[in-house]
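Asker: Attaching a single structure in structure tokens format; questions to follow.
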Amino acid sequence: MSLNKISIKKLVEFRRYSKRRKSSFAHSLKAPKKGVIGGSGGNYWVRSVSAISKAFKENDPTIIQDRLDGLKMDLANTQRHPTKVLYQRNIEILEQYLGFDFSKWMPTEAIIIESLTRDQSILDEGGLPIQVRPSIIFSFEKDGISTYGGIWFITWLEGFKKEDLGMYAECIYRLLEHVFNEEYVDSTWCIAVDVGKNTLVRYSQVLDGTIPSLMGPTLDDLRKYL
């Protein structure tokens, strides 16, 4: 049985569904459909999240100020209330990162590598195709060994819990293990950040039990409805 690809955001939402909605969602995975089931709301937050991602890559917080200036100008020039709300929410996110030291979110001397291809970004979890597209993937040397990590910048109006972020961090780790199977992936540097709350979770926190692992239970629950 071939299923549509599933975003991690949709898995987070699935956990909050009623049984009826879970059943409907599982049915939608079987229906002919292009793309990915359940996006991340990326277009709504794209101006803040993309600026944070670029500032991180270049370790240049002035990028945040430049994006803020553009958003404030657009806010002043629009009359549509929904658009004003969108701009204001993106502004509020970016204001948290003025002068922020992004270097602490990546190992010293790490090298940012190119994004994965579409095929590489699909994690097959027992027949469930999960789309995993971290914002940034990087490599670094640890004890003489090529090592990989990644970071995913996300946000959601309804708000992520730390265990939700743990799902993103865990999927980064699983995907990098699959793609770079002959190399080493460091759980400490598989990171999910809710940029709206400036909340960070590492996969190492899931492994040590500080944050519960929800990926396995969530996928097991989904399979019951297929």
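The values are calculated or read from the model by the stated rules, or taken from the named source; none is laboratory data. Keep in mind it's a predicted model, so treat the numbers as computed, not measured. Backbone-built Cβ (ideal geometry, glycine too); neighbour counts: all protein chains shown.
Asker: Please find, among L157, L123, the residue that is surrounded by fewer than 16 Cβ atoms within 10 Å (Cβ to Cβ) and closer than 24 Å to S53 by Cβ.
Answerer: Residue meeting the stated conditions: L157.
Asker: Could you give every pair whose Cβ atoms fall below 7 Å, whose first residue belongs to region 70-93 and is under 18 Å from G196 (Cα atoms) and touching a residue at least 40 places away in the same chain (Cβ under 8 Å), and whose second residue is among the aromatic types (F, W, Y) and part of a helix (DSSP H, G or I), counting only separations of at least 6 or pairs across chains?
Answerer: Filtered contacts from region 70-93: L86/Y44; N90/W45.
Asker: Every residue in region 72-81 that is exposed (fewer than 11 other Cβ atoms within 10 Å of the Cβ) and either under 24 Å from the mean Cα position of the chain (by Cα) or in a loop (DSSP other than H, G, I, E, B) (or both), please.
Answerer: Within region 72-81, Q79, R80 meet the criteria.
Asker: Do the conditions hold for D119, that is, is it assigned by TED's automatic domain parsing to the domain that holds R174 and either at pLDDT below 95 or of a type outside the set (F, W, Y) (or both)?
Answerer: yes
Asker: Also, quick follow-up: Condition (residue is touching a helix residue (DSSP H, G or I) at 6+ places or on another chain (Cβ under 6 Å) and of a type in the set (G, A, S)) applied to region 164-178: is it met by at least one residue?
Answerer: yes
Asker: Does region 207-226 hold any residues that are within 30 Å of E95 (Cβ to Cβ) and crowded, with 17+ Cβ neighbours inside 10 Å, and which are they?
Answerer: I211
Asker: Test each condition in (1) surrounded by 16 or more Cβ atoms within 10 Å (Cβ to Cβ); (2) at pLDDT below 95 for N181 and report the one that comes out false.
Answerer: Just one mismatch for N181, condition (1).
Asker: What do you reckon, is S23 among the small types (G, A, S), at pLDDT 95 or above, assigned to a helix (DSSP H, G or I) and surrounded by fewer than 16 Cβ atoms within 10 Å (Cβ to Cβ)?
Answerer: Yes: the conditions hold for S23.
Asker: A further question on this structure: Going through region 83-104 one residue at a time, which ones are among the aromatic types (F, W, Y) and either more than 20 Å from S48 (Cβ to Cβ) or outside any helix (DSSP H, G or I) (or both)?
Answerer: Passing the criteria: Y97, F100.
Asker: Those residues that are in contact (Cβ under 8 Å) with a residue 40 or more places away in the chain and among the charged types (D, E, K, R), I need them from region 102-142; list them, please.
Answerer: E125, K142
Asker: Considering (1) buried (at least 19 other Cβ atoms within 10 Å of the Cβ); (2) not in a helix (DSSP H, G or I), say which one I63 fails and leave the rest.
Answerer: I63 satisfies every listed condition except (2).
Asker: Of all residues in region 105-120, which are surrounded by 13 or more Cβ atoms within 10 Å (Cβ to Cβ), assigned to a loop (DSSP other than H, G, I, E, B) and in contact with a Phe, Trp or Tyr (Cβ under 7 Å, 6 or more places away or on another chain)?
Answerer: M106, P107, A110
Asker: Can I ask one more? State whether one or more residues within region 155-176 are part of a strand (DSSP E or B) and out of contact with any Cys (no Cβ under 7 Å at 6 or more places or on another chain).
Answerer: Checked against the condition, which is being part of a strand (DSSP E or B) and out of contact with any Cys (no Cβ under 7 Å at 6 or more places or on another chain), region 155-176 yields no hits at all.
Asker: Select from region 89-142 the residues that are β-branched (V, I, T) and within 17 Å of I154 (Cα to Cα) and write down the one among them that is nearest to the chain's Cα centre (by Cα).
Answerer: Across region 89-142, the extreme among qualifying residues is V132.
Asker: Something else about it: Scanning for something modelled with pLDDT under 95, within 30 Å of G144 (Cα to Cα) and either surrounded by 14 or more Cβ atoms within 10 Å (Cβ to Cβ) or touching a Ser or Thr at 6+ places or on another chain (Cβ under 7 Å) (or both), does region 82-101 turn up at least one residue?
Answerer: no
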